[in-house]
Amino acid sequence: MEKVKISEVMRIFTKSTERTYPAPYDKDFPIGEYIEGLEKDEYGNYVLRIGDSKTAFTCHLDTADSTPKKVYHVIKDNKVYTDGSSILGADDKAGFTIMYFMIKNKVPGIYLFFLEEEVGMKGSEYFVKNEISKYDIQRVISFDRRDYGSVITYQLGSRCCSDKFADELSRQLEFGKLTFFKDSGGIYTDSYKFIEYVPECTNISVGYFNAHTCGEYQDIEYLTFICNRVLSVDWENLPSERNPSEKEDLFMQRYNSFYDEKGRRRTVDFLKEEDFLEDEDDIFSELEVYRYVDNNYKIDDDTLDRSIFKILEEEKLEGFENI
Ligand SMILES: [Zn+2]
């Protein structure tokens, strides 16, 4: 029996995405209207503790927009779109919606609502530098991954959680048709800031698509599934294997040729300038996908990132990581 109903998820999600909240933080998202008892750190991040938990859950309150805008929702088949005049802000009000229902259902945890993720994870950076010692955090779960089913094991090419942790979490989240898988193609979110301090850090798919564009949309049915599944996970007893002081990189140099330090995809022009790209033709044949982008073909973020990671995985198999 579902505890969280799709109509409630739709209500909280659409209400919290009524306007965009660009960082630098021009105006506080009115989080107090939704959740009582929040504390605020000096930076402005919000924190709520429930019970005696070593699990931190994170989302961010800012959205990837340049100026605040009213959002005009278009709802079709349990998916929420905009009218095309703005982004939606499902990145990351989807994460906010999940944490709202976890708190409502009193799931023990350390709930962290970060500011300024979109402009360099500044809120979470402040937290790990100034606040983390006040807590005993053993795992960090961000709810800020696009698409369905990912449990992120690497961010920016760096290992963020162990396979054992990801496998067990996937197993516990799974329900009927809803399956999860280890995804090494994580780009960039708040839990990345914790990987030097906390053993197991991940990011989970929350069912938004085309983030940072006016074509952004949210699958509310999937979001409702997640809102319910997270209530039954045994968070405190998930396996803990990764040693945060040991860094494990996934073909970092090669990764950096595709993404900049903020996880943004580089352009073809940049790749041409890179010294180590000796044979331009080779690069361009394997980067067919970049050509599409250059020629203004439409290809969604997900397909593009998956294609790049496929290339990276293949090169890793060939020992490319030793360069
Ligand atoms: Zn995000």
Consider the range 201-236. How many of its residues are in a helix (DSSP H, G or I), within 15 Å of the ligand (Cβ to nearest atom) and not hydrophobic (A, V, I, L, M, F, W, C)?
0
Could you tell me which residue of the range 50-98 is nearest to the ligand (Cβ to nearest atom), considering only residues that are under 13 Å from the mean Cα position of the chain (by Cα), small (Gly, Ala, Ser) and under 24 Å from Ile137 (Cβ atoms)?
Gly95
Of the numbered conditions (1) within 17 Å of Glu216 (Cα to Cα); (2) buried (at least 16 other Cβ atoms within 10 Å of the Cβ); (3) of a type in the set (Ser, Thr, Tyr), Tyr46 satisfies every one except a single condition; which is it?
(1)
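Look through the range 99-108, keep the residues that are in contact with a strand residue (DSSP E or B) (Cβ under 9 Å, 6 or more places away or on another chain) and in contact (Cβ under 8 Å) with a residue 60 or more places away in the chain, and return whichever of them is nearest to the ligand (Cβ to nearest atom). Explain how you work it out, then say what you get.
In the first step, residues of the range 99-108 are kept if they are in contact with a strand residue (DSSP E or B) (Cβ under 9 Å, 6 or more places away or on another chain); the result is 99, 102-103, 106-108.
Pick out the ones that are also in contact (Cβ under 8 Å) with a residue 60 or more places away in the chain and you get 102-103, 107-108.
Details: Met102: 18, Ile103: 19, Val107: 21, Pro108: 24 Å.
Looking at residues that are in contact with a strand residue (DSSP E or B) (Cβ under 9 Å, 6 or more places away or on another chain) and in contact (Cβ under 8 Å) with a residue 60 or more places away in the chain, I get Met102.
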Suppose we keep only residues that are within 12 Å of the ligand (Cβ to nearest atom) and part of a strand (DSSP E or B) within the range 122-151. Which one would you say is surrounded by the most Cβ atoms within 10 Å (Cβ to Cβ)?
Ser142
Of all residues being away from the ligand (no atom under 11 Å from the Cβ) and closer than 21 Å to Tyr222 by Cα in the range 178-194, which is surrounded by the fewest Cβ atoms within 10 Å (Cβ to Cβ)? Just the residue, please.
Thr179
Failed criterion for Val119 (all others in (1) part of a strand (DSSP E or B); (2) within 16 Å of the ligand (Cβ to nearest atom) hold)
(1)
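Restricting to the range 99-116, what's the tally of residues that are under 17 Å from the mean Cα position of the chain (by Cα) and assigned to a loop (DSSP other than H, G, I, E, B)? If you could, list the steps in order and put the result at the bottom.
At the first step, the residues of the range 99-116 found to be under 17 Å from the mean Cα position of the chain (by Cα) are 99-100, 111-116.
Add one more test, that the residue is assigned to a loop (DSSP other than H, G, I, E, B), and what stays is 115-116.
Residues in the range 99-116 being under 17 Å from the mean Cα position of the chain (by Cα) and assigned to a loop (DSSP other than H, G, I, E, B): 2 in total.
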Which one of the conditions (1) closer than 22 Å to Asn210 by Cβ; (2) touching a strand residue (DSSP E or B) at 6+ places or on another chain (Cβ under 7 Å) does Ser85 fail to meet, given that it meets all the rest?
(2)
Are any residues in the range 159-180 assigned to a strand (DSSP E or B) and over 22 Å from Thr97 (Cα atoms), and if so, which ones?
Arg159
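A short reminder: the numbers here are calculations on the coordinates, not readings from a lab. Here the structure is a predicted model, which means the values were calculated and not measured. Neighbour counts run over all protein chains shown; Cβ positions are idealised from the backbone, glycine included.
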